[in-house]
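First comes the structure, then the notes that go with it.
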Amino acid sequence: MEILRDISQINEKLCDLFNFKEDELSDFLTSAMEDEKIKRTVENVGNLNDKKEVLNALRELIFQLQDYIFPLCNLVKMLLYSKNYDLIFDLITKIFVGQIGTIRYQSKTATNFTERYFDRFIEIVKNCKISSDAYIPFIASIFKTEKLDGIALWKRPALEFLQNFYNENEDWLLSFINSKPEQKYGILEAIIQFNTMKGVALLIDNFTNEQLEEELENSLQIIKEHKRDILTYMDRELVQANEDKLVKFTKILLAMDNDPEIVSRLKDLYDRTELESVKELISNKWGISETMNLKTEKQFLYAVRRKIKEPQERSLGVPFDNFNVKLKSGYPADNAVYTFIIYLFKEEKNLNNLSKLKVLRTNILDESSLYDFAYKMFKVLSSKQDINQAKWCIRMFCLFANEELLNEIFEFLVDLFKQGRNKEGRYLALCLIHCGYKDIVNIFKRLLTIKNEYIVENIDFFIDELSKVVETDKNELLDMLVPDNYSEEEVYKQKIRLYDAFISGRLYSSKEFENLFLMNPIYNELAQNLIFGEYKFGRLHNAFVIEGKEIKFLVGKKLQEQEIDGIDGKIGIGIIHSLDCDFRYEKIFNYFTNPPFTQFKNINFDVTDANRSSVSVNRFIGTFVNAKKFIENMQRYGFKVNKTDDEIEFVSMVNEMPTLNILTEVEFENRLTENSATATIGAIRFYNLESTMKAKNKFITEKTNALSISAIPYRFYDFVLSSVYFSSIK
């Protein structure tokens, strides 16, 4: 009677977990179900983490049966085929049996209780004759995981098992790797650990030129960890490599860190190879060119004689005798000089190095004659149907342009985008940016005003590039782009930017403040309900509001800028934060009833109260929340779920703050899905945004790289903790 009740309960649990039909219930208990039947059964099962208690109850019931092998076998296969890998670990580590079935397995490397549970898993595999297709992906996932717990604790015995499996089934495993790209890197990572050179060869040989960019992204961590072995393998193979392989090797080298070992190999490869495909790849990245050694007219002429054996007589169909370029010494340029100038611009494909060629204008060639050369070449190229057919010429006339020519190039750029010639416009814009022409911002503003679709979609990219080249804060450039029109969409967009400026503690110079908050209609409207203050040496000195276009001080008086003992005493104007205020400012907290965002609030989290040597905030650890509501609330504060597009589960939410170059990660103590009912908050950590790897929209964080709390600006620290606090109580 007791056994019948157990079977009835088992049936109930199976129906709850897998939606079993009546005939399937009998099969589950009495036989090893066929793989195809199991696959059909679990096809739409999805994640079972929310049913962990049901699964544990089922496990206990199964082990009460006299013959538990078949149901245990079928249950494990179902979890394998539905990819509920964490639940397999959870299931196995709760088994109180020293051996499963008659076939015993014992890992030599297992040294603790948790690792020995891996042996129980292999015993299930062997006694139940589970197919390699089912369990090898699970073992691969052990090496792919970034966690430090759960299945990650089985890495050592799993590596031993996979090594033995590889020795006995090499052909099958290699075939499996080729047919299962999602499992490839987990298995290759393991092979590299026990057979390094073979694993490296497999890794590189499995790369394809067609999908290399994506493959490198997926395996970048492996490449970095085994850089020395990869370089050794490539050094050996380079001698007899064909063009496809050389291109592949070059791309891999370019994807690695820019240390001296990599740079020296690339330069050596550039000098030795005659393949244009390889030369172009290296030149695009590094800009290997003669300009490295050109500093004087004498060096220039020596390089001309050495490099140019057969001078051209024309370029783009125009004879060189139509131009009048002279050297600084006054001597006219001959055909060899024209040919060499063109050669230099053809070689220097990397726009980051374009400014190196300014040496031609400053030290070697007469500037006025260069301007004339650039103008005539611009007129020739701009009449072509596709200016990208002669990119060297675009680089040349952009770099040598005077103010008059530059204005013509700007107008031509506007016309290109208006005509939908976006590829040509993009390259011309990038050349102008890398020549350091900050005024191109005004051209982008014109194109945004007429809602040019391409510029609207790509403006962030162009502004990022310009910000890096001219070494100007990106926000300063974005301020220059703020339109004068009053669209609701634009007001909302600028309100978000203004809030970012508030929580990042951005300060404006007097001139910037006047141009933006007094002269621009959108910002002037937003400013009417905010309270500003003047800061000096990091301290708030006064408070004022804007009424119309006039400034009215509420606390203190206007400061005078000055230099004190050689220290720059410049004043910065910012939106006041409550953490900056002492008792004098209490009267301003409720001055406005309808600010564009909450400027002053009662609850503040002061970073100075935290242990500033710590790398995590543990204030909310263990807080139990409604998962769905918490995630929705956090999304309103700019946080997003941290997972790849094809992942179901996640263990954290992240917030990107490019202005401060900070990535914030709020962890959960349990794995969640979008439909999880409850969650437990874990630690909060901060990372350098630019240095944090990202793959398929998921940030790959390592706790060892977390920033010290002392590095976090106080306003942003308060924003993050307030976001978590208010999201957890709503």
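Laboratory data are not the source of any read-out in this text; all were calculated from the coordinates shown. It should be emphasised that the depicted structure is a prediction, and the values quoted were computed from it without experimental measurement. FYI the Cβ positions are ideal-geometry reconstructions off the backbone, even for glycines, and counts take in every protein chain you see.
Using alpha carbons only, how many angstrom separate the centre of the stretch 563-640 from the centre of the stretch 389-429? If we compute the Cα centre of each part, the gap is 45 Å. Backbone geometry of the stretch 694-704 corresponds, through the Karplus equation with coefficients 6.51, -1.76 and 1.60 at θ = phi - 60°, to 3J(HN,Hα) couplings of 9, 9, 6, 6, 10, 7, 9, 9, 10, 4, 5 Hz, x marking Gly and Pro. Centre-to-centre, using Cα atoms only, the stretch 297-370 and the stretch 247-283 are separated by 26 Å.
The HN-Hα couplings worked out from phi for the stretch 341-349 by the Karplus form 6.51 cos²θ - 1.76 cosθ + 1.60 (θ = phi - 60°) are 4, 5, 4, 4, 6, 6, 6, 8, 7 Hz, whole numbers, x standing for Gly and Pro. In whole angstrom, note down how far apart the Cα centers of the stretch 494-560 and the stretch 651-730 are. After rounding, the separation between the Cα centres reads 30 Å. Helix 212-225 and the long axis of the chain differ in direction by around 70°, with both axes built from C-alpha atoms. Of Lys295/Lys418; Lys356/Lys536; Lys549/Lys570; Lys248/Lys468; Lys468/Lys495, which sit over 32 Å apart, Cα to Cα? The pairs that break the limit, which is 32 Å between Cα atoms, are Lys295/Lys418; Lys356/Lys536.
For Lys126 and Arg671, the difference between the fully extended length at 0.36 nm per residue and the C-alpha to C-alpha distance is 193.2 nm. In summary, the convex hull built on the alpha carbon positions of the stretch 290-480 has an orientation-averaged projected area of 10.6 nm². Based on Cα atoms of the stretch 49-175, Rg over Rh with Rh as the Kirkwood radius reads 0.94. Taking Cβ separations below 4.7 Å as the criterion for a possible disulfide partner, the isolated cysteines in the chain are Cys15, Cys393, Cys435, Cys581. For the stretch 127-263, the alpha-carbon coordinates run over 52, 31, 24 Å along the three principal axes, in decreasing order.
Relative to the longest principal Cα axis of the chain, at what angle does helix 260-272 sit, 0 to 90 degrees, rounded to 10? Long axis of 260-272 versus the principal axis of the chain: about 70 degrees.
Once both labels are positioned 7 Å from their Cα atoms along Cα-to-Cβ, the gap between Ala241 and Leu212 label points is 0.8 nm. For the chain, the longest principal axis of the alpha carbon atoms and the long axis of helix 391-400 meet at an angle near 50°.
Close Lys pairs in the stretch 607-729 (alpha-carbon distance under 22 Å; sequence gap of 8 or more, or different chains): 15. Kirkwood hydrodynamic radius computed over the chain comes to 31.3 Å, based on all pairs of distinct alpha carbons. Amide H to amide H, with H built 1.01 Å from N, Asn670 comes under 5 Å of Thr680, counting only residues 5 or more places away or on other chains.
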